[in-house]
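Here the structure is laid out as structure tokens; the discussion comes afterwards.
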């Protein structure tokens, strides 16, 4: 087990290094003069020259990367071009908001998807199954920003049941915070729920066809016990691994959802900094989300090998 | 499963039913009703995009200040937008943008991903290791965040959005084609070709490639659906198609400001994206069912 974890960790290091190179390259491959772009078109030549020195643009690319990496390892992600604040401080300020949205969305998604997936597999080829799989396919196909706009139109503009957008901290006004989160969490949760449901259905079908399920049924156990105790537990293993992939989708979805519902998280920060060409902030957001995904994938792999001991043995 | 095999072999004994080739393929595909509906919808969207100038009732760019924000009428079945432009015509021309974006970005991803993945799986060793770590790294970025960042750096515009989406989709195709080559290269026909003295390049492109294409085709149809959504998203955020060129995403971008006064502006482009993407997903699922031997 320890060997497996160590091996898996070793695989993470080159990936993280490549991630950092890609993020560095993103900004340094901007067509044109980065100093001029950072300073803005109106800036005088002396300002641009000073900035060029300050950014180290007079040095070769490799040297600049190493300096940048060194700072990065000390937690220095540079300063925002827009407000001059350290990028890391802003990221840490916005992160909890996105995490809150992500947790609520995941809860919504799994609460819908798990029963639907189990039911669809259990009653295979029934009306319930067809309804669930069709709804799931629609959930995957629906563009989330359009779903957001339509939900705002229906529940905020037309029915006036919910506020259209905005954010308050949950510890300040818990009820208002929750009502504000309902629509964004639904939008973000829809695609996730659809994905989990489809996966769980196919993995349940596979498990339901195995010998140990037949044994459990032959023992005279009720359907409920067989499904919930025997099948679901095993069917959840592959679904759990998709959690890592979901995080990527979740972060991407958060970008557009936060933008539509004016939720001040990492996603909205990403769009704001991209539209205002705040490149150090863009770098920070992209790097931060990639690192999060690498580590979640790592943890899921470890968790997977604990859930299913065969994995560690096979690959170690 | 067993019964199906039995019926197939019975049919084969009475008359030579096609078990391989295009007719068999079409026959199997057509058995899936939903996939067939999906294919029809895709064909309709494609042909209306191709014949947009014939089909659409108005010029999609021409403004009409006497008809601003008109609700659907007989003259404008889907209403007009904030500049008095006919929404139906803009939607039909928008299909061009969306389909073009979907097909070209997937084309870019295929053009880079397929040769790179196949070579990587064939030569293995250090090159393969490097390519795999690179795809690991690229796959660590949230798809939309990376596409946004690349689009922001390249600048706004449809062609740049297509490049950004294409780059983001590439690692998926590298992975898939590599995995295909890894499983194919150990098979007997490859050994036979090698025994006959065929050079590596010929083995890879003439023998392994045709045998690896099925899952790539499935992936490509599903990726086209995702690319259409991605282009709409970038355009919605102002980074894709630029005005006045109509695109479903940019139409939604404008519609947001008129949500309470002219909800039809937001309704139709969204339905267009939804239906097209759903149809492409149905086609992808249908293709998978036919082409994936494990599902037979």
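Things worth noting here:
- Degrees separating the helix B:264-291 axis from the principal Cα axis of chain B, which is the longest one: 10 degrees
- Ellipticity estimate at 222 nm from DSSP helix runs (n ≥ 4, -39,500 (n - 2.57)) divided over chain A, nearest 500: -25000 deg cm²/dmol
- An ellipsoid equivalent to chain B, defined through the eigenvalues of its Cα gyration tensor, has semi-axes of 42, 26, 14 Å when rounded to whole angstrom and sorted largest first.
- Largest GNM mean-square fluctuation across A:137, A:221, A:147, computed for chain A with C-alpha springs under 10 Å, falls on A:221.
- Between helix A:2-28 and chain A: long-axis angle, C-alpha atoms, 0 to 90°, nearest 10: 40 degrees
- Comparing B:102, B:125, B:240 in a Gaussian network model of chain B (Cα springs below 10 Å), the most mobile by mean-square fluctuation is B:125.
- Gyration tensor (alpha-carbon) shape descriptor, chain A, a/c threshold 1.5: oblate
- Across peptide A:10-23, the mean count of Cβ atoms from other chains lying within 10 Å of each residue's own Cβ comes to 4.
- Equivalent-ellipsoid semi-axes of segment A:1-57, from the Cα gyration tensor, Å, largest first: 40, 10, 6
- Dimensionless Rg/Rh of the protein assembly as shown - Kirkwood Rh, Rg from C-alpha atoms: 0.98
- Rounded to the nearest 10 degrees, the angle from helix A:87-122 to the longest Cα principal axis of chain A is 20 degrees.
- Listing A:230, A:74, B:76 from fewest to most neighbouring C-beta atoms within 10 Å gives A:74, A:230, B:76.
- Centroid-to-centroid, using Cα positions, segment B:144-158 and segment A:1-31 are 22 Å apart.
- Debye intensity ratio in log₁₀ form over the Cα atoms of segment B:27-155, taken at each q of 0.12, 0.15, 0.18 Å⁻¹: -0.78, -0.96, -1.06
- Residue among A:275, A:247, A:95 with the largest mean-square fluctuation in a Gaussian network model of chain A, springs linking Cα atoms under 10 Å: A:275
Every read-out reported here was derived from the displayed coordinates using simple, explicitly stated rules and does not represent laboratory data. Not measured: the values here are computed from a predicted model. Methodologically, a virtual Cβ is constructed for each residue, glycine included, from the backbone with ideal geometry; neighbour enumeration extends over all protein chains shown.
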